Amino acid sequence: MTDIVAAIAADPVTNAVRAASAGADMIEIRIDLLDCPPGEQHPPDSQDSLRSLRLLFEELNNAVQIPIIATNRISTEGGRFRGSEEERIDILLSVLELVDAVDIELCAKPEYRDRVVQSARAASKRVIISYHDFSATPGIAELRKILSECFNAGANIAKLAATPRSYDDALRLLKLTRENGSKQVCIIGMGAYGAHTRVIAPLYGSVIAYASIESATAPGQFSVGELAMMLRVLGA
């Protein structure tokens, strides 16, 4: 079975409740986008801000009864966090006990990535290690290498999002999904050529599918309601 994850960037409590009602199985809170106008970043790096962030996650736990993923996305992979890497990781880990999983990028410096993985494992939380390519889709050998690196780094779920420039590129992503059916992978095609993979990849073994509840947080995202309806029709 594939879990639908509602990616939430603003008005998190209200949108979390809306997402659960619309059929989401999990929610992802994008810390780097919270209360952040487009193009700006206000990292919660003060102690007061960290306390406010923890209170927010406590409120989320009271508001919805579905798992929560915490993500504080690095700028090089589509995020808006502009502080130091140490600050980014400290902020992410500050809510670790209040979530069910954390997402950390494969491209993060190994010492910081390992810190997240080790802290999450010690707290019995799941780890998503992610890779994003917003310009192209690598060749199949490189795609396999990326997934292998995610698992070798300690991922429970390896997330790979690429941008197909043709339907042949999209087919390559589906092939990758199919051959990793025994592993916990999330494969996403972004943009126009990849939009259908968000619906089809679950049939090939992708264990989570991301959707929006207000504005999309990645190119080609469907809404939670749209994705839930399509997956029901397909029996995914």
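Any read-out appearing in this document is the output of simple, stated calculations on the displayed coordinates, not a laboratory observation. Being a predicted model, the structure only gives us computed values, none of them experimental. Positions of Cβ are generated from backbone atoms using ideal geometry, with glycine treated the same way; all protein chains shown enter the neighbour counts.
Counting Lys and Arg as +1 and Asp and Glu as -1, each charge on the Cβ, what is the dipole of the chain about the Cα centre in debye, to the nearest 20? Don't skip to the answer; put the middle values down first.
On the way: 24 positive and 30 negative charges, 164 e Å.
The calculation lands at about 780 debye.
Between the helical axis of 140-152 and the dominant principal axis of the chain, each derived from Cα atoms, what acute angle in degrees is found, rounded to the nearest 10?
Around 40 degrees separate the two axes.
Taking the Cβ of ARG18 as the centre, find all other residues whose Cβ is under 10 Å away and add up their charges (Lys, Arg: +1; Asp, Glu: -1).
Computed value for this residue: -2.
Which residue, LYS175, LYS159, LYS145, has the most motion in a Gaussian network model of the chain that connects Cα atoms within less than 10 Å?
Top of the fluctuation ranking is LYS145.
How about LYS125: which lysines have a C-alpha closer than 20 Å to its C-alpha, ignoring those fewer than 8 places off in the same chain?
Filter leaves LYS159, LYS183.
Output the relative contact order of the range 110-182, whole-number percent, from Cα pairs under 8 angstrom with separation of 6+ residues.
Details: 70 pairs, mean separation 25.2, N = 73.
The normalised contact order for the range 110-182 reaches 35 percent.
What percent do you get for the relative contact order of the chain when only Cα pairs under 8 Å and 6+ apart count?
20
Tell me, what is the Rg over Rh of the range 109-229, with Rh the Kirkwood radius over Cα pairs?
0.98
Once the dipole of the chain is set up with Lys and Arg at +1 and Asp and Glu at -1 on Cβ about the Cα centre, which of ILE188, ASN62, ALA218 lies farthest towards its positive end?
ILE188
To the nearest 20 debye, what charge dipole does the range 157-236 have about its Cα centre, counting +1 at the Cβ of each Lys and Arg and -1 at the Cβ of each Asp and Glu?
So the dipole magnitude of the range 157-236 works out to roughly 220 debye.
Let me check against my output: what whole-number percent is the relative contact order of the range 57-120, with C-alpha pairs under 8 Å and at least 6 apart?
Rounded, it is 36 percent for the range 57-120.
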